[in-house]
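So the structure is just underneath, and the comments pick up after that.
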Amino acid sequence: MIENTTPGAPTAHVADEPLLSVTGLRVTAGSQALAAEVSFDLDPGHCIAFVGESGGGKSLTARALINLLPPGVAASGQITYAGRHLYSPRPAPARIWRAVRGAGIAYIAQDALVSLDPLRTVGDEVIESGLIHQQAQQRTDAIPLLRKVAFPEPERHLTHRSHQLSGGMRQRALIASGLSANPRILIADEPTTALDQITQQRIVELLQQIKREGTALILVSHDINVVRHVADTVLVFRQGSVVEQGPTSTVLQRPSSPYTQALIDAARLPGEPTPKPVIDPTATPLIRVVGVTKTFTTRSALTTTTTTALDNVSLNLHAGQTLGVLGESGSGKSTLTRIILGLDIPTAGATIMGPSPHNPAHRAKVGWVPQDPLSAMNPRWPVARIIAEGVNPRAPRQVSQQHIDSLAERVGLSSSLLMRRPHQLSGGQRQRAVIARALAGNPDILVCDEATSALDVTVQARILDLIHQVQSDLGVAVLFVSHDVRVVRRIAHDVVVMRNGRVVEVGPTRQVFDAPTHPYTVDLLRSVAP
Amino acid sequence: MTLSARTRTALRGAARFLGEAGLVLWAAVTLAFLVLKAVPGDPVDVMLGPLSSATPEARAMIRADLGLDKPLPTQYASHLGRMVTGDLGMSYQQQRPVSDILTEQLGATMALAAAAMVLAVVLACGAALVTRRGWLRGVADATELLAVSAPVFWTALVLASVFSYQLGWFPIVGGTAAQRVILPAIALALPVAGVLAQVLRHGMDQAESQPFAVTAMARGASHRRLTSHHLMRHGFASTLTLSGFLFGSLLGGAVIVETVFARPGIGRVALGAITNRDLPVVMGVVVFSGIGFLIINAVVDVLARAVDPRLRKAADA
């Protein structure tokens, strides 16, 4: 039956009608379908999760629900919210949407770090939706909202701006801003992705609390562990279609699609860390970090502040060993990486490079695998030239095609991709390309700085396998810096746990994970327990 | 303790600013001196005029009086030495102190520059805000491009011939001070307004493509609210940094506009001094505009930090 109603016109609201009803929602860009035939119902106090890898269509589906799609993308279908037709099948007029957005359906954008206006104060940002829908008057109305999301010291931060806040605080402020007009539905797009484990855990608890208070949640996430704890119903997206849909427990325990199974497997905490190679303790380590301290001094017009990024850090890295450096943002692991790479000079202490195992007359060589491969490659160069630059930085054009092909083959990068530019590659392919570049100089050590953080879980697993493979083939040592407990446990033989610039725990991965001694490590591990 | 540390840091900042300002002025003065000396011609000939029958002895005496017979480094050192003490010297042409000549003309130029700047900002804001969407945008883009590319002397001549000579609305001679400033200010403002509008609109477009703009819309904000509460400030932040450069174009434009409209002002004094090789006056103009630049840039720095608080940290780090 074709509904003969005007979009946006209220219909008689039946009590047992769901709060939000979506039928046959399609998101298209021109003739290309980005998400097809999405249908679900949502009741107050319930949570529905969209899971799947990036590009699966889950974020676009979420944005279609508030009719804020990127330019060139359109949606159609039947969507009814609280008896109002939002799509029928074309979207309702702008006037209707302005009333629904914020007060009816609130949306928390994907990247909390850039989703607050950097030029406006936290207080103004938090109450904006309340102001628009006449539920707040002044900046101080943000205080109870911020308190509700457990934002630390709301009074003090009211006039701060987002660049003065940590990632977790920005995420909380963003959630508070979503709640300021008392919406009945909250859409949270990847609310935990950019955060470290412990903060992630707290945001999950906050979402659970919001749900308990009767707000319906739509959670968009690639992280099965977050979904498991919050969602009642799961929709698994893959390449623009819903491959599986059902109650969370059923879908996660007895997945019917192999893709869902792969997502679940990738999120599991690996049972056994990689077997540790035999290391001769008397051999000279490839890298010795001895008592390294690094302080930064910031001068403003009024004050001089000294921050200690690293405080007396020591560690050794041996040939063939994978050493995980585990810590939250701000723990000093990036500064440590920069010092080991020679990009920063320690205030006190030293890093000493041992002799290369292949050529004892020379010092060990380091290859660098950056956190964000896209910004670490020249966007105007094809991948082949980027890899060639690693072989011979002075004359990349003289490197033989054969040499480049063999490096690409080693990292599983198809040679048909070598003439593409970095932006034409997928996230996993980019990561492979920078690993190939790092290997091009025949390094003895690979320094991987959050090398898998930006990747979806299934891609992440393949890159970790690749790093492991490279290590067994070439015998390189790996320094693996990460905030992700799961990843470190999976790949590292030994682990160094850092906090506030200090090493709080060090030991073989298995020992540290099975019997942590420092309370911080205990906390960190508890936050990821399934 | 903290107060003394604060004072010390503040003093250090002020000292650095003054040091940099001195360096900029020295470089400007030196460059002006070298350029003027490199151009062939004798200031004494210019002073006396082509019909003068002064004897070579008399000419040599004038030259010695002005110190022009001394080697270049000595001349340079004496100019610089006087400037350090704040003495801009006497004009070769008018035989009056340079500082008197310039302060007399300063008011007229400042009135013109201020009128032009206000006009440019009003035009640019209007254009950028009204024409961000739809077909108007194309029209505005084309008009602004025309305004930026048209040479000031051409715009000035067209304006003068239409509105002063043909229509007689804004007489070049006579009329009130306000009437006399309008046409020159428009001629001077048009290119500045064109650049400002383009940069302002670009800044707002950039801001609109950021995730926080989507977030604002998701809160139920209308396009109007998004513009007034979010995008405008971002637009201004990107525009402000350009203001120092725009001030420069105002000064350059003033030379032409003041000549076309026969207005008094620093620009005309500068033009006259350069053609007459009146070195002290040229140096005076350079010092005056240098100080003007420094003040404008200091003000812009302070304003930029007020508009974009992120700069406060970045600039100090």
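Bear in mind these aren't lab numbers, they're just calculated from the coordinates by the rules spelled out. As the structure is a computational prediction, the values presented were derived from the model and not from experiment. Here the Cβ positions follow ideal geometry from the backbone for every residue, glycine too, while neighbour counts run over all protein chains shown.
Here A:LYS294 is the anchor, and the aspartates and glutamates within straight C-alpha reach of less than 17 Å, apart from those fewer than 8 places off in the same chain, are A:ASP311, A:ASP344. As a proxy for reagent exposure, A:TRP368, B:TRP26 were ordered by neighbouring Cβ count within 10 angstrom, fewest first; the result is B:TRP26, A:TRP368. Here B:VAL24 and B:TRP154 are evaluated by their C-beta separation; at R0 = 35 Å the FRET efficiency comes out at 0.65. Each Lys and Arg Cβ is given +1 and each Asp and Glu Cβ -1; about its Cα centre, the stretch B:115-248 then shows a dipole of about 400 debye. Rounded to the nearest 10 degrees, the inclination of helix A:197-212 to the longest alpha-carbon principal axis of chain A is 10 degrees.
When the charge dipole of chain A is built from unit charges on Cβ atoms (+1 for Lys and Arg, -1 for Asp and Glu) and taken about the Cα centre, the candidate among A:GLN511, A:GLN201, A:THR140 whose Cα reaches farthest toward its positive end is A:THR140.
Between the Cα long axis of helix A:258-267 and the first principal axis of chain A there is an angle of about 60°, rounded to the nearest 10.
For chain A, calculate the relative contact order in percent as a whole number, restricting contacts to Cα pairs under 8 Å that are 6 or more residues apart. Dividing the mean separation by the residue count of chain A yields 14 percent. Basic side chains Lys and Arg get +1 at the Cβ, acidic Asp and Glu get -1 at the Cβ, and with that the dipole of the protein assembly as shown about its Cα centre reaches some 420 debye. Of the beta bridges in the protein assembly as shown, as assigned by DSSP with both residues counted there, near 55 percent are antiparallel. Packing order of peptides A:56-68, B:173-185, A:38-50, highest average first: A:56-68, A:38-50, B:173-185 (average count of other Cβ atoms within 10 Å over each peptide's residues). Taking the DSSP bridge list for the stretch A:406-530 and keeping only pairs wholly inside it, about 55 percent are antiparallel.
One Cα centroid belongs to the stretch A:196-223, the other to the stretch B:179-249; the line between them spans 39 Å.
Among beta bridges identified by DSSP and lying wholly in the stretch A:287-526, the antiparallel ones come to about 55 percent. If you run the Gaussian network model on chain B, springs between alpha carbon atoms under 10 Å, then out of B:LEU250, B:LEU106, B:LEU145 the most flexible one is B:LEU145. Taking amide H atoms as placed 1.01 Å from N in the peptide plane, the amide H of A:GLY246 lies under 5 Å from those of A:VAL234, each 5 or more residues away in sequence or on another chain.
Amide H to amide H distances under 5 Å link A:ILE352 with A:ARG288, A:VAL289, A:VAL290, where only residues 5 or more positions off or on other chains count and H is placed in the peptide plane.
Each residue of the stretch B:298-310 was assigned a 3J(HN,Hα) from its phi angle through the Karplus curve 6.51 cos²θ - 1.76 cosθ + 1.60 (θ = phi - 60°); the sequence is 5, 5, 4, 4, 5, 4, 4, 5, 5, 6, 10, x, 4 Hz, with glycine and proline shown as x. Can you tell which of B:ALA115, B:ALA58, B:ALA147 shows the greatest fluctuation in a Gaussian network model of chain B with Cα springs below 10 Å? Highest fluctuation among the options: B:ALA58. Going by the alpha-carbon gyration tensor, a ≥ b ≥ c the square roots of its eigenvalues, is chain B rounded (a/c under 1.5) or, if a/c is not under 1.5, prolate (a/b greater than b/c) versus oblate? Oblate is the answer for chain B, as a/c is 1.5 or above yet b/c matches or exceeds a/b.
Site pair A:HIS518 and B:SER222 shows an inter-label distance of 5.6 nm when each label is modelled 7 Å from Cα along Cα→Cβ. Taking amide H as placed 1.01 Å from N in the peptide plane, the amide H of A:ARG499 sits under 5 Å from that of A:VAL504, each at least 5 places away or on another chain.
How would you classify the stretch A:325-441 from its alpha-carbon gyration tensor, with a ≥ b ≥ c the square roots of the eigenvalues: rounded for a/c under 1.5, else prolate if a/b is greater than b/c, otherwise oblate? Oblate, since a/c reaches 1.5 and b/c is not below a/b.
Cα centroid separation, the stretch A:442-460 to the stretch A:462-518: 12 Å. One Cα centroid belongs to the stretch A:370-433, the other to the stretch B:85-132; the line between them spans 56 Å. Applied to the stretch B:19-25, the Karplus parametrisation 6.51 cos²θ - 1.76 cosθ + 1.60 on θ = phi - 60° returns per-residue 3J(HN,Hα) values of x, 5, 4, x, 4, 4, 5 Hz, with x for Gly and Pro. Given +1 at the Cβ of Lys and Arg, -1 at the Cβ of Asp and Glu and no other charges, the dipole of the stretch B:18-84 around its Cα centre is 80 debye to the nearest 20. Would the stretch B:206-268 count as rounded, prolate or oblate if I go by the C-alpha gyration tensor, calling it rounded below 1.5 in a/c and otherwise prolate when a/b exceeds b/c, oblate otherwise? Note, shape of the stretch B:206-268 comes out prolate.
Based on the Cβ-Cβ distance of B:VAL39 and A:SER416, what FRET efficiency does E = 1/(1 + (r/R0)^6) give at R0 = 60 Å, to the nearest 0.05? Rounded to the nearest 0.05, the efficiency is 0.40.
Could you work out which residue, out of B:LEU157, B:LEU196, B:LEU167, moves most in a Gaussian network model of chain B, that is, has the largest mean-square fluctuation with Cα springs under 10 Å? In the Gaussian network model the winner is B:LEU167. With each label modelled as a point 7 angstrom along the Cα→C-beta vector, the B:SER78-B:ARG8 pair spans 4.6 nm. Ranking A:SER482, A:ALA451, A:ALA395 by how far each Cα lies toward the positive end of the dipole of the stretch A:376-530 (charges on Cβ) leaves A:ALA395 at the top.
Please work out the FRET efficiency for the pair A:GLN398 and A:SER472, using the Cβ-Cβ distance as r and a Förster radius of 22 Å; give the result to the nearest 0.05. For A:GLN398 and A:SER472, the calculated efficiency is 0.10.
The phi torsions of the stretch B:106-113, fed into the Karplus equation with coefficients 6.51, -1.76 and 1.60 and a -60° offset, translate into couplings of 4, x, 4, 5, 5, 4, 5, 5 Hz, rounded to whole numbers, with Gly and Pro shown as x. Each listed q (0.21, 0.24 Å⁻¹) maps to a log10 I(q)/I(0) for the stretch B:18-84 from the Debye sum over equal C-alpha point scatterers, namely -0.95, -1.10. The calculated 222 nm mean residue ellipticity attributable to helices in chain A amounts to -9000 deg cm²/dmol, summing -39500 (n - 2.57) over DSSP H runs of n ≥ 4 and dividing by all residues.
In the stretch B:185-317, a dipole from Cβ-located charges (positive for Lys and Arg, negative for Asp and Glu) runs towards its positive end, and of B:ALA185, B:GLY290, B:GLY235 it is B:GLY235 whose Cα lies farthest in that direction.
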